[in-house]
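The values are calculated or read from the model by the stated rules, or taken from the named source; none is laboratory data. Just so you know, these numbers come straight off a predicted model, no measurement behind them. Cβ sites come from the backbone with ideal geometry, for glycine too, and all protein chains shown count toward neighbours.
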């Protein structure tokens, strides 16, 4: 019996090796749950808005060009490198600023280069550091203490609204590293009677959209003392 990796849809029944239409659609649904939208839609928007080609976008994220293509077309579902996920979050925030008129094309191009270099001098909320230290950041991404610390720091200090989704996505990324959305949903259901607040947290951050998670995060930020 043929087995497939979690991030790789099964091939079509015809044996051609390409994923079936159903498998591609399932990959898109999983990407929507994990990243808020299918990666093909997200990557194409970034390519257009930030004036990048696929090779440059792959380089900025720290992915190979073939891997970027597989993610775009649903042949793979998940970005396995936490540094690449953080860089993608930074590009999304940059794109939102560009669309809102908060930064011009020249400033956006400079920020793209900065993200690729691993810096965080501007843009807020992005701190992956140098790509050579990806191992340390991978450990952070799978550490509940690191995620809780990041959330606490963001809540304690004032910051631009664009910093909030970074914390949210770190929480989502941690949960998705532990187990897939369907298992998180099952765990949330089992907790619903005894601990509804925890069940809601698991459901929203583990299976909900990024927008729903952001709303939950903002609603539960601690209020500063008056």
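Some observations on this one:
- For residue 218: the one exception among (1) closer than 26 Å to residue 80 by Cα; (2) in contact (Cβ under 8 Å) with a residue 12 or more places away in the chain: (1)
- Close contacts from segment 18-32, counting a first residue that is closer than 17 Å to residue 180 by Cβ and a second that is assigned to a helix (DSSP H, G or I) and at pLDDT below 85, with Cβ to Cβ under 8 Å and a gap of 6+ residues or different chains, come to 30/181.
- Criterion (under 12 Å from the mean Cα position of the chain (by Cα), in contact (Cβ under 8 Å) with a residue 24 or more places away in the chain and either assigned to a helix (DSSP H, G or I) or buried (at least 19 other Cβ atoms within 10 Å of the Cβ) (or both)) met by exactly one of 90, 109: 90
- Pick from segment 33-47, criterion surrounded by 19 or more Cβ atoms within 10 Å (Cβ to Cβ) and either part of a helix (DSSP H, G or I) or without any contact (Cβ under 8 Å) to a residue 24 or more places away in the chain (or both), ranking: farthest from the chain's Cα centre (by Cα): 46
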